[in-house]
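Colleague: Before I ask anything, let me first share the structure, which is written out below as structure tokens.
The values are calculated or read from the model by the stated rules, or taken from the named source; none is laboratory data. Quantities reported herein were computed from a predicted structural model and do not represent experimental measurements. Note: ideal-geometry Cβ built from the backbone for every residue, glycine included; neighbour counts use all protein chains shown.
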Amino acid sequence: MRTNASIYAQEPVITPERKVWRAVLGLAYEDAELGLFRDGTEPEERVRARAFLRADSVHDVEWLRAACQCAEIPFDRVVKWARKRYPHPDLI
């Protein structure tokens, strides 16, 4: 008799706490995607969110690593993605 292996695979449990931390990362992404003001300047929320997701400072690394750990999202993937999507202004 053949059995379906997926029946026995344990699915990840998305706890309410994990949902909250994923929402935190989602809000950081939303802030990072904010547009420019009409005068061409960047909203402060956008600047801070992009720096956070790129892990620009030691403080950002610590907080992002903790948020990713609680959300069970790979920290290194978030940083790699953010650095590609939002290059640091000094490196452009």
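Colleague: Does the range 37-55 hold any residues that are surrounded by 13 or more Cβ atoms within 10 Å (Cβ to Cβ) and more than 22 Å from R22 (Cβ to Cβ), and which are they?
Modeller: Those that are surrounded by 13 or more Cβ atoms within 10 Å (Cβ to Cβ) and more than 22 Å from R22 (Cβ to Cβ): E42, P43, V47.
Colleague: Could you run through the range 56-92 and say how many residues are among the small types (G, A, S), exposed (fewer than 15 other Cβ atoms within 10 Å of the Cβ) and either assigned to a helix (DSSP H, G or I) or modelled with pLDDT under 95 (or both)?
Modeller: 1
Colleague: Can you name every residue in the range 14-55 that is assigned to a helix (DSSP H, G or I) and farther than 20 Å from W81 by Cβ?
Modeller: P16, E17, K19, V20, E44
Colleague: With the requirement that a residue be basic (K, R) and either within 15 Å of D60 (Cβ to Cβ) or more than 12 Å from the chain's Cα centre (by Cα) (or both), what does the range 75-84 give you?
Modeller: K80, R83, K84
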